[in-house]
Each structure stands twice: as structure tokens, then as C-alpha cells.
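Right, one structure below, let's go through it.
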Amino acid sequence: MRTWLPLFVIVALISAVVWFADSPPPELLGKRPTPKAQDRAPDLVIRDARTRHFNLEGNLAYRVDAEQITFYQFGRRDRANLTEPRILFYQGDQPKWRTESRSGVAHNNGQRVVLRGDVHINELPGPGGIELDTEEITIKPRQEYAETDKVVTISAGPNRTRGTGLRAFLNQDRVEILSEVESTYETQ
């Protein structure tokens with residue numbers, strides 16, 4: 001029996017060394033990865049994504065389509081990077097507002113969405129409705145609210161209004177430009 005004990009101890013030590021070498025140190029130490037480390041490993045990637053969101057009455061409130069959604073989970077928070085996102089807001093059963101941009105980031109299960117790069121929002125049915133262009137805008141889809149502190153251009157037919165900063169209440173069809181407002185109107 002004594003001859004097997006040293007062999008058993010050696011095998012146990014080799015197994016422990018192999019296990020420690022193959023295990024990542026954060027897991028061994030009980031530390032959580034930092035958000036930067038989690039950025040390197042998304043929890044979910046969806047290509048050609050199409051999501052639908054409903055209001056409390058069960059009616060379609062808005063839909064989000066994107067070329068790609070890359071989802072990250074951070075404890076109680078989450079983030080989704082959007083490539084070429086398009087958001088379509090409905091009033092009743094008809095689409096009313098459409099947004100497009102090159103990229104976006106949705107925070108906390110889509111409660112806040114920041115669209116960036118050639119952001120274009122237009123009122124439907126087009127043409128002839130209001131069109132809004134800016135470089136960045138924050139949208140709260142559930143409240144149908146949008147805001148930005150960037151330069152915004154609003155056009156309706158030949159009429160143009162340009163200014164800095166905007167608040168848009170999409171469910172009320174109301175848009176406010178906050179400062180440095182310049183407008184050009186064509187009379188009939």
C-alpha cells in the first residue's frame with residue numbers, strides 16, 4: 001500500500017498544475033471581467049436582425065431592423081451595438097416615423113438608443129412629410145422621444161430650418177429646435 005502513495009501524490013500534483021494552467025486567472029480569483037474585457041467577447045451576435053416591440057395594449061409600437069446587432073451583458077446593464085439600424089415608429093396600425101443611421105448603441109434593453117453617422121428621420125407617408133438630418137441623436141423608443149445637442153436640419157418640401165439642439169416628441173408630431181435657428185421658406 002505504501003508504494004502507491006507517492007505515485008498517487010505525484011499524479012494529484014500534476015493534475016492540479018494542469019488544471020491551474022488551463023483555467024483563466026479571473027475565474028480562479030473570483031474576479032469579474034471588466035467592461036473592456038467583455039467588449040472582446042459579445043454574448044450574442046445577430047445578423048440581418050428584425051425585432052418588434054409592442055405597447056401595453058398589444059399593438060405594434062415600433063420595430064428595429066439592423067444589418068447586425070452585437071449584444072453585451074454587464075451584470076445589471078446591457079448594451080447592443082447596431083450596424084445600419086432602422087427604427088420604424090407606428091401610430092395606430094400605420095408607420096409614422098422612420099429613422100436610419102450608419103451605427104447605433106442601445107442601452108438597458110433598448111430604453112435609450114444613440115444613433116450616429118448620417119442620421120435621417122422622416123415622417124411617413126413620404127414624400128412631402130418632415131425630414132430631419134443630424135450626425136447624432138438619442139432616442140427613447142418607448143416614450144417616442146428624441147433629442148440631440150448637435151446641428152439639425154429639418155426640411156419639408158422646399159422649406160428648410162437649421163439649428164443646434166433638438167427635442168422631438170414623435171407621438172405628438174412636435175419638434176423643437178433649441179438654438180441658433182435659421183429658416184428659409186418658399187412662398188407659393
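The values are calculated or read from the model by the stated rules, or taken from the named source; none is laboratory data. As the structure is a prediction and not an experimental result, all values here were calculated from the model. Reconstructed Cβ throughout: ideal geometry from the backbone, glycine too, with neighbour counts over all protein chains shown.
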Checklist entry - When you look at GLU100, is it touching a residue at least 12 places away in the same chain (Cβ under 8 Å), surrounded by fewer than 13 Cβ atoms within 10 Å (Cβ to Cβ) and in the same structural domain as GLN73 (by TED's automatic domain parsing), yes or no? => result no
Checklist outcome for this item: Expected single match for assigned to a strand (DSSP E or B), closer than 22 Å to GLU131 by Cβ and either at pLDDT below 90 or of a type outside the set (S, T, N, Q) (or both) among ALA66, ALA80 is ALA66
Checklist entry - Which one of these is in the same structural domain as TYR62 (by TED's automatic domain parsing), free of Cβ contacts under 8 Å to residues at least 12 places away in the same chain and surrounded by fewer than 17 Cβ atoms within 10 Å (Cβ to Cβ): GLU135, GLU84, GLU147, GLU176? => result GLU176
Next on the checklist: Just to check your reading of the model, which residue among GLN111, GLN172, GLN91, GLN143 is out of contact with any strand residue (DSSP E or B) (no Cβ under 9 Å at 6 or more places or on another chain) and either modelled with pLDDT of 90 or more or not aromatic (Phe, Trp, Tyr) (or both)?
Outcome noted: GLN172
Checklist entry - Yes or no: PRO125 in contact with a Ser or Thr (Cβ under 9 Å, 6 or more places away or on another chain) and modelled with pLDDT under 90? => result no
Checklist entry - Would it be correct to say that GLY128 is of a type in the set (Gly, Ala, Ser), more than 28 Å from LEU56 (Cβ to Cβ) and not in a strand (DSSP E or B)? => result yes
